[in-house]
Structures are given as structure tokens and as C-alpha cells.
1. Treating the Cα atoms of the stretch 153-239 as identical point scatterers in vacuum, please give the log10 of the normalised Debye intensity I(q)/I(0) at q = 0.13, 0.15, 0.17 Å⁻¹, two decimals.
2. Taking H as built 1.01 Å from N, whose amide H comes closer than 5 Å to the amide H of G147, not counting residues under 5 places away?
3. So for the stretch 1-87, what are the equivalent ellipsoid semi-axes in whole Å, largest first, each being the square root of 5 times an eigenvalue of the Cα gyration tensor?
4. Along the principal axes of its C-alpha atoms, what lengths does the chain span, in descending order and rounded to whole Å?
5. Angle, helix 182-192 long axis vs. longest principal axis of the chain, Cα atoms, 0 to 90°, nearest 10?
6. Taking θ as phi - 60°, what are the ³J(HN,Hα) couplings along the stretch 167-179 by the Karplus curve (6.51, -1.76, 1.60), each to the nearest whole Hz, with x for Gly and Pro?
7. Need the full-extension length gain, T28 to D54, defined as separation in residues times 0.36 nm minus the C-alpha distance. One decimal, nm.
8. Can you give me the angle between helix 63-72 and the longest principal axis of the chain, using Cα atoms only, in degrees from 0 to 90, rounded to the nearest 10?
Amino acid sequence: MSKKGILVVSFGTSYPDALTKNIRAIETAVGDAFPRLPVRRAFTSGMIIKKLKDRDGVHICTVREALESFLAEGFTDLIVQPTHIINGTENDRMLADLAAFEDRFHSIRVGNPLLTDQSDYRALIDAVVKEFSGLGTDEFLVFMGHGTEHHANAVYPALDYMLKAAGFENIYIGTVEGYPDLSLVKDLVRKKAPKKILLAPLMIVAGDHARNDMAGDGEDSWKNEFLREGYEVSCLLKGLGEYEEVQKLFAEHAKTAAENVYSH
């Protein structure tokens, strides 16, 4: 007798509002695609799991803990959907955890991260253009991505290139810990000389990076870096998980992973 379930895996956040607006919203969208199946949550960040436990008394499962709980309750088949943006380090760790359990389930089907192939890039660009349709002619949108030393960082310059190829010369992508970095983005924007800069996170949640590195009052925040360049600067603390089109894209990835295994 088969018993099927869904595990949604996120890096995690310690901000309750970001958890609700972003991660839970994605979990709900994935669950809506499989209305008869239970949906559970796991985080990959041990630091965030510990902080939530110490601060709030709330325990969030690691991937391995979640898999053990599914097994203990007799689940045989799982679909696992990460909310990661790229196929980077966090996704690799999740896959390693899943591999350790593959012989203990009848099947584990894994959905792709948000940006895996070119159709995903185009879907995100469509979502961004829809979200920021009111962008002024003298206003540039600069996204802050996380960035990584992992080879999957190539997603960020590729996405920026596709934006330009599609005619969106006023949207730029930079990263905190990868390429393109802020100094390059500032150089490129400077050549266009817009009056206003709108900063927004290219991250699932508007967490520490968005609130501090991007919009914070520190001297080296992106907000203050652009203010010193002479622009009018505003910040949008809205994670990608709040975008309805992004929620739908994750649900589509889960459905693709589940094809020929689950009845919807």
C-alpha cells in the first residue's frame, strides 16, 4: 500500500513575516497542486533552525529529520520541492541528504530549483516585468542576488544578459557574494545616468541580506552606496516568494517531478 507526501525544502528564515509571505506561500502553492497529499517543511540552514528553537521554541526539521518522520509514519513515495533559486550549494546538500534515503522509499522525486533552464529564466523575467510595470523611464531597478562561489552562480549574469536581450535596459542584477558584484553594477548604471534607483532582493525571502546589506543604514549598504552616487534611492523589501508567478513556477516544477508517479 503506497502512502505519498510532499516535502518543501527551504534555506529558511528567522523573520516571521518573511516565513509567512514567502516560504509558506510557496508551500501552499505546491500543496494546492496536490490537494490530497500532506505537505511538510524542512530547512537546510542549521543556524536558522537553532535560532528559531532558541528564540521561539519552534523546531523546524532538517531534511534528514523530515525524511525520518515520513518513514516513521509509513510513507513510501515522496516529492521533494526545494525553494532554492539556483542549483547551488544548498541544493547539493539537500540532494546528498536525499540520496542517503533513496533505498528506504519506493520513490523520491525531486523538483528543480527556481532557475534551472532557460524557460525558467524567461518565466521569472515575465514575472519581474509584470511586478515592476510601473517603473519610470528615469528609474533603474537593481536586484540584489545572493551569489556564490559555486558554478551555479552563472545563473545571475545569464539572467541579466537575457533581460538586456529582451530590451529591459533599466533592470540590472548584482550579487552580494558572487558575480556581478556591486562595483560592476554601479559602473554599468553610471553610464546610463538614471535619476532614481529602486533596489529589490532577488532572493526568496527579504531576510538579513535584504534588510541589512541592501536597505540597511550601514555605510556599505547598497542603499547608501547608490545614495553617494547621487541617485534617489528606494528599497522594496519583498522576496521573490511573494510573487504569485514565482509561486506558480515552483508548483509547476513539483508537478513536472511528479509526472507518471502521482495522480493529481
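The values are calculated or read from the model by the stated rules, or taken from the named source; none is laboratory data. Computed from a predicted structure; not experimentally measured. Glycine also receives a Cβ, built like all others from the backbone with ideal geometry; neighbour counts cover every protein chain displayed. Surface areas here come from the heavy atoms of the whole protein model, side chains and all, with no ligands, DNA or RNA. Shrake-Rupley method; radii C 1.70, N 1.55, O 1.52, S 1.80 Å.
1. Values returned for q = 0.13, 0.15, 0.17 Å⁻¹ are -0.40, -0.54, -0.70.
2. The answer is V176, E177.
3. On the way: eigenvalues 98, 49, 25 Å².
After diagonalising the Cα gyration tensor, the semi-axes are 22, 16, 11 Å.
4. Cα spread of the chain along its principal axes, largest to smallest: 65, 41, 30 Å.
5. 50
6. Per residue, the Karplus-derived 3J(HN,Hα) values read x, 9, 6, 10, 10, 10, 10, x, 9, 7, 10, x, 10 Hz.
7. Between T28 and D54, full extension yields an extra 6.7 nm.
8. So the inclination is approximately 20 degrees.
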